[in-house]
Amino acid sequence: MSFDDPIDRFGTHSVKWDMMETLYDVPKGQGLAMWVADMEFRPPACVQKALTDMTDHGVYGYYGDDRAYLDAICWWMRERHGWEVEREAIFTTHGLVNGTALCVDAFTAPGDGVVLLTPVYHAFARVIAAAGRTVVSCPLAQVDGLYAMDFDAWDAQMTGSEKMLILCSPHNPGGRVWTAEELRGVAGFCRRHDLILVSDEIHHDLVFPGHKHIPMPVAAPDIADRLVMMTASTKTFNIAGSHTGNVIIPDPGLRERFGARLAALGISPNSFGLRMAEAAYSPEGAEWVDRLMAYLNENRRMFDETVNAIPGLRSMPMEATYLAWVDFAGTGMPAEEIITRVEKQGGIATNYGPSFGPGGETFLRFNIAMPRAMIEDACARLTDVFADLQ
Ligand SMILES: Cc1ncc(COP(=O)(O)O)c(C=O)c1O
């Protein structure tokens, strides 16, 4: 399989493609879906084989004996991230939005504040608000065009009602790979303000050459007593529909509280997700991810070069993820005008900046995980709809 192969996803219940016309009013034949964070690629053959083995066998009973699955997770974290995980620390949830919701439920009470470093992945705020907790937005600073921590400002903002901080590492939508020093800063901030630290590291495998993701417990081992880690194979291997993620909790006390909520809600995972994750976390999976990142690296180069050549547009340098975060502030145009051009004239569906919280107002997020020909198409459309700025 080549990452260049085009795949028609219309009529497959793909939210990204099959909901585009309804939500964006972009006609099916003309639309280019660059919103939802899944990729236009098939997963590696080892993952496909796990599924065909299941369908060949043809019996879909209850799953049991998760030792090989847990070992695969431990292997992946050790080999790829230099992080030793204990089997006992691993819980499986229905993805990481579910994992986030369970953390909010298990470790905070209604009315408590949950800190987000904004702009950040939109589902965090949605889940926090839906659970009757308060979103406390701590705006990221920008230093040399990249997002940066602003601990002095955030220290001054805390009131004592905050109980949890949810970190996105690497950062969606800004694409930052946080340094060890920045991660230790977050850990220190959580200790100072007595916050549980939930570190969502779902993008940890999608890191570009020249950068190194450091898991929070590797950067700041002393935060283990208040740390909840969230990881998944779904973003890395494009299997998000399997809705399977891992919440990894080093501290036995926190583990017990989380386990109690899972038990109370009767949550147990589905066998498809577990079988796919186990297959993905393998040497074959690792080799596929390396090829994927080399491919995405060229997509990133092409997309950024085109966008940054349009006066007033600026794509934030992506150190990780396949999500380009483009600032249109320099055009001086109102948001409606930008959307009319990108969406109505260009036919490109994106994620709107404001949905990521304060700081996202002048941005659109573009998913660049697609065959090169589609990136070329996207670049041509953007150049065309902003041609008058040249
Ligand atoms: C930071 C982050 N967390 C979680 C998710 C979604 O996780 P899941 O599909 O496992 O619910 C995404 C999807 O883009 C994400 O960017």
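The values are calculated or read from the model by the stated rules, or taken from the named source; none is laboratory data. All values derive from a computational prediction rather than experimental measurement. All Cβ positions, glycine included, derive from the backbone under ideal geometry; neighbour counts span all protein chains shown.
Selection of the range 238-271 for residues being surrounded by fewer than 19 Cβ atoms within 10 Å (Cβ to Cβ), touching an Asp or Glu at 6+ places or on another chain (Cβ under 7 Å) and part of a loop (DSSP other than H, G, I, E, B) yields only Asp251. Among residues that are surrounded by 11 or more Cβ atoms within 10 Å (Cβ to Cβ) and closer than 29 Å to Phe91 by Cα, Met20 is not included. Residues in the range 350-382 that are of a type in the set (A, V, I, L, M, F, W, C), more than 23 Å from Leu292 (Cα to Cα) and buried (at least 18 other Cβ atoms within 10 Å of the Cβ): Phe356, Phe363, Leu364, Leu382. In the set (1) exposed (fewer than 14 other Cβ atoms within 10 Å of the Cβ); (2) of a type in the set (A, V, I, L, M, F, W, C); (3) in contact with an Asp or Glu (Cβ under 9 Å, 6 or more places away or on another chain), the condition left unmet by Val114 is number (1). For the range 196-214, indicate whether the set of residues that are within 16 Å of the ligand (Cβ to nearest atom), in a loop (DSSP other than H, G, I, E, B), among the acidic types (Asp, Glu) and within 18 Å of the chain's Cα centre (by Cα) is non-empty. Yes - at least one qualifying residue is present in the range 196-214. Annotation: Leu274 fulfils all but one of (1) away from the ligand (no atom under 16 Å from the Cβ); (2) out of contact with any strand residue (DSSP E or B) (no Cβ under 6 Å at 6 or more places or on another chain); (3) part of a helix (DSSP H, G or I); the unmet one is (1). Sub-6 Å Cβ pairs linking a first residue in the range 117-130 that is within 13 Å of Pro354 (Cβ to Cβ) to a second residue that is near the ligand (Cβ under 10 Å from one of its atoms) and at pLDDT 95 or above, at least 6 apart or interchain, are Val120/Cys168, ordered by first then second residue. For the range 299-311: of the residues being out of contact with any Phe, Trp or Tyr (no Cβ under 7 Å at 6 or more places or on another chain) and under 16 Å from Ile338 (Cα atoms), which is surrounded by the most Cβ atoms within 10 Å (Cβ to Cβ)? Within the range 299-311, the match that is surrounded by the most Cβ atoms within 10 Å (Cβ to Cβ) is Val307. Checking each residue in the range 316-327 for being crowded, with 24+ Cβ neighbours inside 10 Å and either away from the ligand (no atom under 16 Å from the Cβ) or at pLDDT below 95 (or both) picks out only Val326.
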